[in-house]
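Chemist: Here it is: the structure, laid out below.
The values are calculated or read from the model by the stated rules, or taken from the named source; none is laboratory data. Everything numeric in this text was worked out from a predicted model, so none of it was measured. Every residue, glycine among them, receives a Cβ derived from its backbone with ideal geometry; neighbour counts consider all protein chains shown. Calculation scope for accessible area: heavy atoms of the full protein, side chains included, ligands and nucleic acids excluded. Shrake-Rupley method; radii C 1.70, N 1.55, O 1.52, S 1.80 Å.
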Amino acid sequence: MPLSQIRIVLVNTTDPGNIGATARAMKTMGLKQLYLVEPKSFPHVNASVRASNAIDVLAEVTVVDHLATALQDCHLVFGTSTRIRELNWVSLTARAAAEKIVINPKQKVAVVFGRERCGLINKELQQCHFQINIPANPDYSSLNLAAAVQIVCYELRMAFLHETKLDEKSIQLADVKQQEYFYQHLHNLLNKIEFLKPIRSQQIMDRLRRLFSRTELDMNEVKILRGILSTIEKKLASKS
């Protein structure tokens, strides 16, 4: 899922500076969609000042009167909260929530943050599918609104980068058959140059397998390595 498609929703924000700081936190991690539900004061100069170079995020802010309006076209909604509720929602850490969010590129997702003083009320959490919890110091778990947004956005970016890396590897990694051809090719050449000694040949090949397995060879890398082996073989043949 592109990070720019994930919606950050702030409910009844009191300090306009926190709106600007949220915009900055979002932009540093690649998020762009910011919704404000009944902000006390916006637009405001303090929001612009705190946004720094994220003025473009503020320029595209959507302001609505009700949380339901901000969420109406979303498929999955996460509400942030640190308090224990009478009715327990399914609670995920910010990291687990981020991993859950990025696996489906077609769904529209919103992450909702409550008021600076008291967070989200139960009625608002009821509009969310999951609760996000940031496992902070239990003796002092109070986080500034923008700091909480920054943590969640960071986890979203890390999950996105990890998922992107997995997608790339799933496309490019050499399959087992290609790897086995390479290992057999390597084994034959090492025998030709008498590098492998009968008593230790299997141990050395096992270590070489582990070495190359750690690198997670892709198809092009296997082709390059086999090309090197073939060139060495040709050079050896021309000198014999």
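Chemist: Pull out a ≥ b ≥ c, the square roots of the eigenvalues of the alpha-carbon gyration tensor of the range 164-240, then state rounded if a/c is under 1.5, prolate if not and a/b is larger than b/c, and oblate in the remaining case.
Modeler: Working: a/c = 3.40, a/b = 1.59, b/c = 2.14.
Cα axes put the range 164-240 in the oblate bin.
Chemist: OK, next. What net charge is computed for the residues neighbouring Q33, neighbours being all others with C-beta under 13 Å from the C-beta of Q33, Lys and Arg scored +1, Asp and Glu -1?
Modeler: On the way: positive: R7, K27, K32, K108; negative: D56, E60, D73.
Value of the local net charge: +1.
Chemist: Then there is this: On a 0 to 90 degree scale, rounded to 10, what angle separates helix 201-215 from the longest Cα axis of the chain?
Modeler: The two axes meet at around 30 degrees.
Chemist: Can you list the residues, at least 5 places off or on another chain, whose amide H is less than 5 Å from the amide H of V63, using H built in the peptide plane?
Modeler: Result for V63 returns L36.
Chemist: Please state the shape class of the range 1-81: rounded when a/c is under 1.5, otherwise prolate if a/b exceeds b/c and oblate if not, all from the C-alpha gyration tensor.
Modeler: oblate
Chemist: Here's a follow-up. Below 14 angstrom from the Cβ of L67, what's the summed charge of the other residues (Lys, Arg +1; Asp, Glu -1)?
Modeler: On the way: positive: R7, R115, K123; negative: E38, D65, D73, E124.
Here the charged neighbours net out to -1.
Chemist: Let me ask you something else. Per residue and in cubic angstrom, what volume does the convex hull of the Cα atoms of the range 1-43 have?
Modeler: 55 Å³
Chemist: How much net charge surrounds S201 when only other residues with a Cβ under 12 Å from its Cβ are counted (Lys, Arg +1; Asp, Glu -1)?
Modeler: +1
Chemist: A follow-up question, please. 222 nm [θ] for the chain, helices only, -39500 (n - 2.57) per DSSP H run of 4+, per residue, to 500? Don't skip to the answer; put the middle values down first.
Modeler: Working: 10 runs with 124 residues, N = 240.
Computed ellipticity for the chain at 222 nm equals -16000 deg cm²/dmol.
Chemist: Lysines within cross-link reach of K40: Cα-Cα under 21 Å, excluding same-chain residues under 8 positions apart?
Modeler: K123
Chemist: State to the nearest 20 debye the size of the charge dipole of the range 1-140 about its Cα centre, where the only charges are +1 on K and R beta carbons and -1 on D and E beta carbons. Intermediate results must be reported in sequence, preceding the final value.
Modeler: On the way: 15 positive and 11 negative charges, 42 e Å.
Roughly 200 debye for the range 1-140.
Chemist: Can you give the accessible area per residue of the chain, in Å², using a 1.4 Å probe?
Modeler: I get 60 Å² per residue for the chain.
Chemist: I would also like to ask the following. Top mean-square fluctuation among L67, L58, L196, Gaussian network model of the chain, C-alpha springs under 10 Å?
Modeler: Result for the chain, Cα springs under 10 Å: L196 fluctuates most.
Chemist: From the square roots a ≥ b ≥ c of the eigenvalues of the alpha-carbon gyration tensor of the range 101-240, which class results: rounded (a/c under 1.5), prolate (a/b over b/c), or oblate? Spell out each step's value before the answer.
Modeler: Working: a/c = 4.81, a/b = 3.32, b/c = 1.45.
Because a/c hits 1.5 or more and a/b exceeds b/c, the range 101-240 counts as prolate.
Chemist: Could I ask something else about it? Of T231, L208, I6, which is farthest towards the positive pole of the chain's charge dipole, taken about the Cα centre with +1 and -1 on the beta-carbons of Lys, Arg and Asp, Glu respectively?
Modeler: Farthest towards the positive pole: T231.
Chemist: I need the fraction of alpha carbon pairs in the chain separated by more than 25 Å, rounded to a whole percent.
Modeler: Summing the P(r) tail past 25 Å for the chain gives 55 percent.
Chemist: For the chain, modelled as a GNM with alpha-carbon contacts under 10 angstrom, which of H66, H75, H187 fluctuates the most?
Modeler: For the chain, modelled as a Gaussian network with Cα springs under 10 Å, the answer is H187.
Chemist: Take the solvent-accessible surface of the protein heavy atoms, probe 1.4 Å, and return the percent of it on the chain that carbon and sulfur atoms account for.
Modeler: Summing carbon and sulfur atoms, their accessible area is 54 percent of the total for the chain.
Chemist: Round to a whole angstrom and tell me the spacing of the C-alpha centers of the range 37-78 and the range 209-238.
Modeler: Taking the Cα centre of the range 209-238 as reference, the centre of the range 37-78 is 54 Å away.
Chemist: Near K197, which lysines are there with a Cα under 29 Å away, not counting those fewer than 8 places off in the same chain?
Modeler: Leaving aside lysines fewer than 8 places away in the same chain, those within reach of K197 are K177, K223, K234, K235, K239.
Chemist: Taking springs between alpha-carbon atoms closer than 10 angstrom, which of D218, D56, D139 fluctuates most in the Gaussian network model of the chain?
Modeler: D139
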